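Before any comments, here is the structure.
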């Protein structure tokens, strides 16, 4: 039996029919375009995913792709005090890391991590909504990225670092982190490729090891060591929450920058962990009530100038350009550094006007040149600042005079020889007459070398320099370690040349150790992380002898008198022998005090960076006071020891007068015998003296 067909629906006639037909046509076209476009997009995403899949490296090759290594510095006792470069620490994964750390990361960054396929449309939509509500562009601020997408960004979508394109790795990473519509589109297939190529734990492994967490810490193992001094395998809920909280803004929330702010952020993370069921109410309450704190090493934040100096002094391939993680053991002493910084702060707080922009620098070292502390300016926090202890070339003033006297003493003069302090004029070829004057504008007649140095008389210093010969004075000073160009004229004796505080302090160390030059050093041992044998070692900075031990002991006595009765009395330490010398340059643009006890040598410089004259400051004033306060703290628990100097009572003899014979023809107050004359000729030829 034939089944009857349903009657066809009649299409409306007239204008309504035309509109309906047009509307239907448009819908059919749109649908056709939509499903065809959707298929095309899916195919493009699939092809892009396949391409990225083939480009992805093994997990082991993706966890640490730093082109530069890190430098960890240890103090003289083997404790960490400074880091440079990106600190890695070692590879961890979800199985070896503390469960609290893994939970903190997932709760904070991507609580659906184990359920999505690499991209969360809900998260992206929510982030766009928040950004628009807060007045930003849709892709500015919150990104709504999953952990997988963040790893895609950390891997720079597979684009390797090229130094020919980016000046630094920092610039490369900043470019990789830029959020643009095109980058967001690229992230999707890259994230899909990772989800296909890696397991969830492998993706999390890359994230745990490559994320930057502030203060030069790369990866959670490096961050745990940097901030807490423990492994990432050992962190508890409070520490894990603080580390997880860094991911949103590593530099801003770094606990070394602002511990209280980092703790507030960690409390928020603890709440997220509790909300996801990773912590019980009791565990969350305990973590909030007992927030994480910094380790002693991380909290110290000392030695920035010293660490910068080590980075500059060490071989580049083991410091600034190292491709390995390096450990450097140094001569640094945190207690001495704290003493120097405290002295500087106290003097500037109580004895310098508040608006003053004057600067100061301090260096403390042992007699063999081992640098124990270094302050390169009043701002002692952070790194990478101008270091006035090593980089500022300044005129030395009367602090140079000991090298004039060292030269004369080594050639036969004695501490009690007499020298004339009277008007002196020297004809300098090409410059005309030169007439030095004393600071007091007075003349004292015949004075001993000891009195002349203790009172920092200028005319006797110039007269003595001209007598022994400027060339020989320059030779002795340079052999003691003053490597800068030294003046040619008679003003050489008065410190017209420039030097650094580190050089001057090292040169004075040579006087303390009995006349042998030293090369200031701070690096004792360098080794690669994981290696037992050091690549470099240095145990002393002692170099060749410059002057005789007796000459050094006489000079030490003379400098001791400068502190006991002369211009440096403000540097005296009750119950302890001190030797030193002040220095004040023309118009008081620089003020120095460099001195030593039997245990340590310290130098202090004070002045303005732009050479503005100091107001009412001489080397025997504030620099000597800073020196005294520094050394008083350093020697607090050390028993007094005598300086290595002569006993003047046992050296007594009738006073001799040093005759002024320009050109280094004769020193001492007596006619030398033939043997001595021969010896003087030999010495003169050795030191280049005519």
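What follows draws every value from the coordinates through simple rules; no lab data is involved. This is a predicted model, so every value here is computed, not measured. Neighbour counts run over all protein chains shown; Cβ positions are idealised from the backbone, glycine included.
What is the distance in Å between the Cα centroid of region 67-89 and that of region 323-387?
Using only Cα atoms to place each centre, the spacing works out to 19 Å.
Starting from the 7 Å offset along Cα-to-Cβ, what nm value, one decimal, do you get for the label separation of residue 313 and residue 180?
4.6 nm
For the chain, take the longest principal axis of its alpha carbons; what is the angle in degrees between that and the long axis of helix 181-197, to the nearest 10 within 0 to 90?
With both axes taken from Cα atoms, the answer is about 80 degrees.
Report the gain in length on full extension from residue 444 to residue 483: 0.36 nm times residue separation, minus Cα-Cα distance, nm rounded to one decimal.
Details: separation 39, 0.36 × 39 = 14.04 nm, distance 3.40 nm.
Full extension from residue 444 to residue 483 adds 10.6 nm.
For a quick check: sort 527, 394 by the number of other beta carbons within 10 angstrom, fewest at the front. Let's see the in-between values first.
On the way: 527 18, 394 23.
Ascending Cβ contact count within 10 Å gives the list 527, 394.
Based only on other Cβ atoms within 10 Å, what is the fewest-to-most ordering of 318, 411, 573? If you can, show how the numbers build up before the last one.
Values: 318 21, 411 25, 573 16.
By the 10 Å Cβ count, ascending: 573, 318, 411.
Relative to the first principal axis of the alpha-carbon coordinates of the chain, what is the inclination of helix 334-351, with its axis defined by its Cα atoms, in degrees from 0 to 90 and to the nearest 10?
Roughly 80 degrees, rounded to the nearest 10.
Evaluate the relative contact order of the chain (contact order divided by residue number), counting alpha-carbon pairs under 8 angstrom at least 6 apart; express in whole percent. Walk me through the numbers before you get to the answer.
Values: 1302 pairs, mean separation 86.7, N = 690.
The value is 13 percent.
Hey, with R₀ at 60 Å, roughly what FRET efficiency would residue 656 and residue 91 work out to, going by the Cβ-Cβ distance, to 0.05?
Values: r = 75 Å, r/R0 = 1.25.
According to the calculation, E is roughly 0.20.
Give me the compactness ratio for the chain, meaning the Cα radius of gyration over 2.2 N^0.38 Å.
On the way: Rg = 36.5 Å, N = 690, 2.2 N^0.38 = 26.4 Å.
Rg over 2.2 N^0.38 Å, computed on Cα atoms: 1.38.
Given the Cα-Cα distance of residue 569 and residue 535 and 0.36 nm per residue of separation, how much length would full extension add, in nm? Can you show the working numbers first?
On the way: separation 34, 0.36 × 34 = 12.24 nm, distance 4.59 nm.
Extending this stretch completely gives an extra 7.6 nm.
Hey, what did region 212-344 get for relative contact order, percent, Cα under 8 Å, at least 6 apart? Before the final figure, lay out each step's value.
Numbers: 133 pairs, mean separation 27.1, N = 133.
Normalised by residue count, the contact order of region 212-344 is 20 percent.
Using the Cα atoms of region 425-471, I'd like the radius of gyration and the largest Cα-Cα distance, Dmax, both in angstrom.
Expressed in Å, the Cα Rg and Dmax of region 425-471 come to 11.6, 34.
Could you list 548, 60, 355, 509 so that the one with the fewest beta carbons within 10 Å of its beta carbon is first and the one with the most is last?
Numbers: 548 15, 60 10, 355 5, 509 30.
Lowest count first: 355, 60, 548, 509.
Report, in deg cm²/dmol and to the nearest 500, the calculated mean residue ellipticity at 222 nm for the chain, where each DSSP H run with n ≥ 4 adds -39500 (n - 2.57) and the sum is divided by the residue count. Please report the intermediate quantities before stating the final value.
On the way: 24 runs with 286 residues, N = 690.
When only DSSP H runs of four or more count, the value is -13000 deg cm²/dmol.
With the crude spin-label approximation of a point 7 Å out along Cα→Cβ, what separation in nm comes out for residue 173 versus residue 115?
Roughly 3.2 nm, to one decimal.
Taking the 0 to 90 degree range and rounding to the nearest ten, how far is the long axis of helix 200-210 tilted relative to the main principal axis of the chain, both from C-alpha atoms?
20 degrees
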